[in-house]
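Beneath this line is the structure, given in structure tokens, with notes to follow.
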Amino acid sequence: MTERVGLGRSLQASAIGIIKANKAVLVFARKADLAEELEISRSTLQKFFSGRLIGRENFHQICQRLGLDWRAIADISNLEAELARETLTGHETSNASSEPADTDDIEALVQLVRQQGQTSIQAQCSTIRVLDMSQPMALKDIYTHLNILERISGRRRVTLDELIKTLPEDLSDRLPLTFLSGKRVDGLEAVAQFDKLIVLGRPGVGKTTFLKYLALQCSLGEFQAKRVPIFISLKDFAEIPERSSLFDHIHQQIRGYRISAPRATQQLLQQGRMLVLLDGLDEVKEQDIKRVVQEVQRFSMQFPLNQFVMTCRLATQDYTFEKFTEVEVADFDNEQISAFVRYWFANKDPAMGDRVIEKLQLPINRPIRELATNPLLLTLLCLIFQDCGESPLNRCELYKEGLEILLKKWDSKRNIEREQIYQTLSLRHKEALLSRIAWLTFSRSDYFFQQSELEQQISNYLSHLSEAETHSNSPQFDSQAVLKSIEAQHGLLVERARGIYSFSHLSFQEYFAARELVSSATPQSLEASLKKLVKHLVDPRWREVFLLTSGMLPQPEVLLRLMKQRLQHLIDQDAQVQQCLLWLQQKSTCVETNQPPLVVRAFYFDLEVARILNLDRLLDLSRTLESNLTRQLDPDLTLDLALDRILTLTGQITTIPEPMGALSRVLSRAIARVHNVDSAKTTNLAETLQRIKAQLPKQAHEPQAFNIWWNEHGEAWTEKLRMAMISCRDIGHNWQFNQQQQQKLKQYYDASCLFADCLNNVPYLTSAVRTEIEQDLLQPISRLKPREGYGVA
């Protein structure tokens, strides 16, 4: 049966009107006969006789057929109130509420529209293609659930000191700027909690992807199953030539689903059965933004029962949507990063996905993992790994490409034109400005900085640009507007609390600081800058700046030589450390191996330092210099590594669950490897180790019994082992470094590891220069030859 629903106000019968209507309807055998004659639903007629609201047209028809004046039947007080509301809002009669649809009818309509519109939603939202992806990817195959911050982080009222105190103590050497946020909730939970939501976020955090996912899930009935999804790009909506309303825009979408019900859009909206997804308020052009904001406001108030989710970048113009709750997209955590990588490689090479996750967990790649907290930059990482496979990451090129995406490509590839507050600044000037800010702040150990200082630095930089560079007819720059523009358009500077900023990632602050270093105008000023840099060689906070600087320099040998001199200066006055280096040089010349001398020295230095300082490191320095070292370890090195493991184990014996079994295993391994070494010094080593092993207690497999034996005999037993190692292999010396010497040794070792990383990181170095630099590393001062032009730094 076709329902004729009025487009005007709703009406309801008064108590007296119901009595009159019940008398008049007696001319019909059944009330159902009246409904059939008027071609209205029985539920509508039942609402009329029970005094509930129905559409005005239906109300008039019932009264006319019963021979009644509708004015005498209607509840005039309700009609007057409705007219008053209409006068206040200024809405036309056609936009007011009409008859609430029958429950069964509206449920059927929701299912019909969702089913008919599923193909359109799939075409609109089911795939993503960003950056240099060769083909689209199915959203369901790559989507990683977002977390939402319930409170906008940049609106917190905290001081600079309070902000710093929120950071974990064990990460004080590298502040986790991407995790300076409050409570997180799952994105779907946030949408389910609020009827009107604005999802804010920096560029590339996945706002559009999130809205597409909501549309797909709703379309499939797996989220908000009682609603119909409508996905609208506000940029596209704003650019429609005829400037239609949101209602008309949505109605056109519903008509495209080939729904025969003429008033389906009106009924769905009036009954609150739509999930309206409005994407990219920040992408609307300046000349259209006021109209779009007003239309969203009006539409959401006209149809308040529906659910609205809108996305926008942080730091855009301060629009106020009174009924909307604002939340912020949180950065990816480690679990989300791993999930995204696995999804990405699931249909390509799952084993590669596991290797990428493993690589990102390496300490040296921690700065890169920080970038991976941004889904867009994580996508870039996956594309690079996909193309380069097992090749080492070129961190300079990675950062450069990531910044180019945020500064230029991300908007241009999507044909988005933003308000160009600083449109006369070229990409080079934007980078130079950020480099100046990064160097000034990083040099002072400032990860956070006041907005007023940032604006002053921006003003200083812009004031020194020539008229030719900014165009003589350009308007005066507003430093605050430029700061907000950098934050909104590129997301590289982020407000962490009210009036307090930082770079979005510490990695970017380090990159720009390194860029400022290498942009010195003359060779003399460059060398002066590099000399300032090497003073920070033992400061772990500067590690990434060293690596990036070495990768950017066209002639990196200047930096490498300065670093090497600083290394030598660290320990040149310590006789005990020098004695250790002398032994290291002598030992490395007695080993039969195909490895280069520097790698051999690094190998034995790794063993000594790890044991002396009780570090849980496995050949960090030597494997940095030769990544395949452990895959092709020579017999001499294999034996000495096994012997060192025994001696190291004796220093950790009280922390091992099964100390007796562990000692027996490492001794057996060393004895087996003695036979692989062809040396006169090892003739009696196997027998000596067998005798030492035999001295272990036979009945001490229980930890308590072994501990008793160890307390009485452990020191003497260890000394016998040490003497055998010194006698036969010249390893295992007890250097007896004091605490100050141990600290100096650790600084020297860590700086040597950094130097090795920089050596690997330089884009090009002649073999002659490399040989010259390498031959002096890990050498005692007595073995070094002075070189012209380079004194100790």
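Side notes on the structure shown:
- Qualifying position, being touching a strand residue (DSSP E or B) at 6+ places or on another chain (Cβ under 6 Å) and under 30 Å from Leu483 (Cβ atoms), among Glu544, Glu516, Glu495, Glu510: Glu495
- Annotation note: Cβ proximity below 9 Å between a residue of the stretch 698-711 that is within 12 Å of Ile656 (Cα to Cα) and a residue that is open to solvent by 50 Å² or more (accessible area, probe 1.4 Å) and modelled with pLDDT of 70 or more (sequence gap 6+ or interchain) occurs for Pro703/Pro657; Pro703/Glu658; Phe706/Glu658; Asn707/Thr654.
- Residue among Gln695, Gln690 that alone is open to solvent by 20 Å² or more (accessible area, probe 1.4 Å) and touching a Phe, Trp or Tyr at 6+ places or on another chain (Cβ under 7 Å): Gln695
- For the stretch 603-622, the set of residues classified as closer than 19 Å to Ile726 by Cα and not basic (Lys, Arg) consists of Phe603, Tyr604, Phe605, Asp606, Leu607, Glu608, Val609, Ala610, Ile612, listed by residue number.
- Checked against (1) at pLDDT below 90; (2) surrounded by 20 or more Cβ atoms within 10 Å (Cβ to Cβ), Thr630 passes all but a single condition, namely (2).
- Filter pass, Gln287 being assigned to a helix (DSSP H, G or I) and without any contact (Cβ under 8 Å) to a residue 12 or more places away in the chain: yes
- Here is the figure for the stretch 715-736: residues that are among the hydrophobic types (A, V, I, L, M, F, W, C), touching a residue at least 24 places away in the same chain (Cβ under 8 Å) and either in a helix (DSSP H, G or I) or open to solvent by less than 20 Å² (accessible area, probe 1.4 Å) (or both) total 6.
- Scanning the stretch 78-131 for residues that are hydrophobic (A, V, I, L, M, F, W, C), modelled with pLDDT of 50 or more and either outside any loop (DSSP other than H, G, I, E, B) or open to solvent by 40 Å² or more (accessible area, probe 1.4 Å) (or both) returns Leu79, Ile106, Ala108, Leu109, Val110, Leu112, Val113, Ile121, Ala123, Cys125, Ile128.
- Qualifying residue in the stretch 53-69 (condition: of a type in the set (S, T, N, Q), loosely packed, with under 15 Cβ neighbours inside 10 Å and modelled with pLDDT under 90): no
- Within the stretch 192-224, the residues that satisfy the criterion of being under 29 Å from Phe503 (Cα atoms) and either more than 24 Å from the chain's Cα centre (by Cα) or of a type in the set (A, V, I, L, M) (or both) are Leu197, Ile198, Val199, Leu200, Val205, Leu211.
- Taking the numbered list (1) within 23 Å of Gly206 (Cα to Cα); (2) assigned to a loop (DSSP other than H, G, I, E, B); (3) open to solvent by less than 70 Å² (accessible area, probe 1.4 Å); (4) modelled with pLDDT under 90 in turn, Asp331 passes all entries but (4).
- Val482 satisfies every condition listed in (1) at pLDDT 90 or above; (2) in contact with a Phe, Trp or Tyr (Cβ under 7 Å, 6 or more places away or on another chain) except (1).
- Some residue of the stretch 246-265 being closer than 30 Å to Thr373 by Cα, among the charged types (D, E, K, R) and in a loop (DSSP other than H, G, I, E, B): no
- Residues within the stretch 542-598 that are in a helix (DSSP H, G or I), open to solvent by less than 30 Å² (accessible area, probe 1.4 Å) and over 30 Å from Tyr511 (Cβ atoms), tallied: 10
- Of all residues in the stretch 362-391 being among the hydrophobic types (A, V, I, L, M, F, W, C) and in a loop (DSSP other than H, G, I, E, B), the one that is modelled with the highest pLDDT: Ala372
The values are calculated or read from the model by the stated rules, or taken from the named source; none is laboratory data. Bear in mind the structure is a predicted one, so any value in this text is a computation, not a measurement. For neighbour counting, all protein chains shown are included, and Cβ atoms are generated from backbone atoms with ideal geometry for every residue, glycine included. Quick note on the areas: whole protein, heavy atoms, side chains included, nothing else; ligands and nucleic acids left out. Shrake-Rupley method; radii C 1.70, N 1.55, O 1.52, S 1.80 Å.
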